[in-house]
There are 4 protein chains.
Amino acid sequence: MKDEDFIRGPVPMTKREVRLVALDRLELADARLLVDVGAGTGSVGIEAARRYPGLKVVAVERHPDALALIRQNCDRFALDRVEIIAGHAPLPLAVRADAIFIGGSGGNLEAIIGWAADLLVPGGRLVINLILQENLGEALRCLDPARFGRVGCIQMQVSALTELGGGHFFKPNNPAFIISCLKENTHDRAL
Amino acid sequence: MKDEDFIRGPVPMTKREVRLVALDRLELADARLLVDVGAGTGSVGIEAARRYPGLKVVAVERHPDALALIRQNCDRFALDRVEIIAGHAPLPLAVRADAIFIGGSGGNLEAIIGWAADLLVPGGRLVINLILQENLGEALRCLDPARFGRVGCIQMQVSALTELGGGHFFKPNNPAFIISCLKENTHDRAL
Amino acid sequence: MKDEDFIRGPVPMTKREVRLVALDRLELADARLLVDVGAGTGSVGIEAARRYPGLKVVAVERHPDALALIRQNCDRFALDRVEIIAGHAPLPLAVRADAIFIGGSGGNLEAIIGWAADLLVPGGRLVINLILQENLGEALRCLDPARFGRVGCIQMQVSALTELGGGHFFKPNNPAFIISCLKENTHDRAL
Amino acid sequence: MKDEDFIRGPVPMTKREVRLVALDRLELADARLLVDVGAGTGSVGIEAARRYPGLKVVAVERHPDALALIRQNCDRFALDRVEIIAGHAPLPLAVRADAIFIGGSGGNLEAIIGWAADLLVPGGRLVINLILQENLGEALRCLDPARFGRVGCIQMQVSALTELGGGHFFKPNNPAFIISCLKENTHDRAL
């Protein structure tokens, strides 16, 4: 999906190429439930729901403006498999998630990662999209190797060919960090 | 799909993140036929065929080693919708393509782009993945605005967090250029 | 020198890190004359003149606004070794240059490179700073191996740590290309 | 100076463009003493000493191989203004430094930054070159705003045009971080 497919408003949105990589890392082909934390415009959860007809999405978001945008975007694509929850993560959620995407953390990254570890089924995927150096450092410190395995992290820098003075140059977007990992099957580990 | 999912050998392969962006730009949801030119290991065509069960793929490749790899990869994923054609593009193909991906051009980029314009249905998508500056320049010069519209080009630079001396740094992969465009509906234009 | 050291106005200026690399590649320690083509604010020629007390600089610039800025910057640093020439390069110059810097070409890159080859002493250095893909391609095509040797080209991408929402990220500047080469000693070659 | 100008061996060396930016940020024109910490091949201190005839350099290094290289490089350029000190920084040094460059920290970055603050004269410059994300985070945390002002940090990514299969691409070097700051004049502050 293109960024322009979504109703956006002033809320920051995960950019198209980052969304593609995040969806890939979430490995949703056989997933039943995705939790989209700090969902913003809802673009990651909505593109996931559209791509996988059997997937249910829980979108958690605290900003009223963003909540309204998620609702509008669900309506635009006639999606009834996206449940929208207003509130600050971490918050009580009676679900078992096959995959969790953290697109925004509101300064609560450590607590959200611990909470995500509790919500995920063993083998479930956690994908985190970050912009700030401080959040990158915090996330990598908090991914407890006793709970998460196969931790990978990439930096993605996309530049768009742009006209300037009769020619073209590659105008750089801000770089994004994408962390992905699996919740360890601790039962197997204990045996 | 991960790069490790494919049998690779010494043949260069379109990397995972580039493949994701290329598949996105090819807009294959309603496509019936994709031509994968300079298919290499076949990774783009194969991931497309696996993702879209109604899609037929024609993979064109000239290197015998690569042809063997494409066959092995089709077998691995039990795909019978990928037709493999040995030869140098451009070559006669009695198909109408909804989308064409050029992953390798063997120094024939200008001729291949002209040939692609002939094969594509109006509104069909052309996506080109490039590494070399010379090919980037040639491709942008050859995308005749009378035949192709909505030309976009990005540079993608992915770096992987890598251990070094007790810490980590982002080791840069080589940058890739991805061009995407639509074949113009010249009939509409003429009216 | 810092970018803020110069009086700038609306004229584009070679950025600090690019200027440092350009000055390094020009190898001015024993040079008597540097020609600064498309001098803009004059920053490259002026930093060169301040660093090397025996160096004379000829700054060629066609925009009246920029010419005024070069004069103001020479006054600010009390430099009387910078000769300012108003006009479009290539233009007649009765000098023998030890080094030439091309910071702007006004669409005349091919002609300017040929002219630079004529002005340079054998072994003289030519350094070109470029932003546009088209100019990069043209410059590399025009650097005739019979006239120029040891051609090198780098892309430099500088990002500045920048505050955002309580944290920091590296905000990317536009990338710059820097080409450097030597005028061949054709007399030696012929022997 | 070119990287090839230095005798290198297996010791990591600050690369040419990074060295240029570091030397610029150190603002050595009126400096009497530079301390080069984790000097490696000595390239930063040696290029500084060659550029500024009135400058004395103290190079601190703990690896015997690197110490031998620094000596060889000083001999090559006939420099008698570089004092070489074998040992792990921080270590007692009876000097007042106008500028300090940290090119390597051996895991001691926090202690070295505190020690550098003690050695520097008020208004003295501290420049740190880093590769690892962990060191970047540590350095930024340790630059106490009561002791250091005008903190700036850039990421520099240099790519070299490189031949591949009949064409050229920009092969990326590993990115470097360069932090620069001034020691605050705390006496002035207290008044």
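Below are the figures for this structure:
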item	result
Chain A, helix-only ellipticity at 222 nm - DSSP H runs n ≥ 4, -39,500 (n - 2.57), divided by all residues, nearest 500	-9000 deg cm²/dmol
Label spacing, shortest first and in nm, from A:P53 to its equivalents in the remaining copies (7 angstrom along Cα→Cβ)	0.8, 8.2, 8.3
FRET efficiency, C:V121 to C:A86 (Cβ-Cβ, R0 25 Å, nearest 0.05)	0.50
Accessible surface of the range B:3-183, 1.4 Å probe, proportion on carbon and sulfur as whole %	51
Label spacing, shortest first and in nm, from D:L91 to its equivalents in the remaining copies (7 angstrom along Cα→Cβ)	5.8, 5.9, 6.8
Binned Cα-Cα distance frequencies in the range D:51-191 - 10 Å width, integer %	10, 33, 33, 17, 6, 1, 0
Positions from the range B:127-141 whose accessible area shrinks by 10 Å² or more when the full protein complex is built, not the chain alone, probe 1.4 Å	B:I131, B:L132, B:Q133, B:E134, B:L136, B:L140, B:R141
Cα shape, the protein assembly as shown, gyration tensor, a/c 1.5 rule	oblate
Dipole magnitude of the range D:65-191 about its Cα centre (Cβ charges: Lys, Arg +1; Asp, Glu -1), debye to nearest 20	240
Inter-copy spacing of C:D80 label points, which lie 7 Å from Cα along Cα→Cβ, given in nm from shortest upward	3.8, 8.8, 9.1
Between the range D:110-156 and the range A:1-74, the alpha-carbon center distance in angstrom	40
Interface burial for C against A (accessible surface, 1.4 Å probe, total of both chains, Å², rounded to 100)	1300
Gain on full stretching of the segment that runs from B:A68 to B:A94 - 0.36 nm per residue minus C-alpha separation	7.0 nm
For chain B, with +1 on Lys and Arg beta carbons and -1 on Asp and Glu, the positive-most of B:Q155, B:V121, B:L69 along the dipole	B:V121
Average accessible surface area per residue within the protein assembly as shown, 1.4 Å rolling probe, Å²	42
5 angstrom amide H check on A:I102, placed H, neighbours 5+ away	A:V37, A:V127, A:I128, A:N129
When each of C:K15/D:K15; A:K56/A:K171; A:K171/D:K183; C:K2/D:K56; B:K171/D:K183 is checked by Cα-Cα distance, pairs over 29 Å	A:K56/A:K171; A:K171/D:K183; B:K171/D:K183
Under-5 Å amide H pairs with B:L120, H placed in peptide plane, nonlocal only	B:A97
Average partner coverage of A:82-90, which counts Cβ from other chains inside 10 Å	0
Phi-based couplings in Hz for the range A:174-184 (Karplus 6.51, -1.76, 1.60; Gly and Pro marked x)	5, x, 10, 9, 10, 9, 9, 7, 10, 6, 5
Accessible-area value, D:E134, 1.4 Å probe, nucleic acids and ligands omitted, Å²	80
Two-site label geometry, D:A146 and D:T162: point separation in nm, points 7 Å out along Cα→Cβ	4.7
Cα gyration tensor shape for the range D:11-120, rounded if a/c is under 1.5, else prolate or oblate	rounded
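The values are calculated or read from the model by the stated rules, or taken from the named source; none is laboratory data. The model shown is predicted, which means the values in this text are computed figures rather than measured ones. Here the Cβ is made from the backbone with ideal geometry for all residues, glycine too, and neighbour counts use every protein chain on show. Quick note on the areas: whole protein, heavy atoms, side chains included, nothing else; ligands and nucleic acids left out. Shrake-Rupley method; radii C 1.70, N 1.55, O 1.52, S 1.80 Å.
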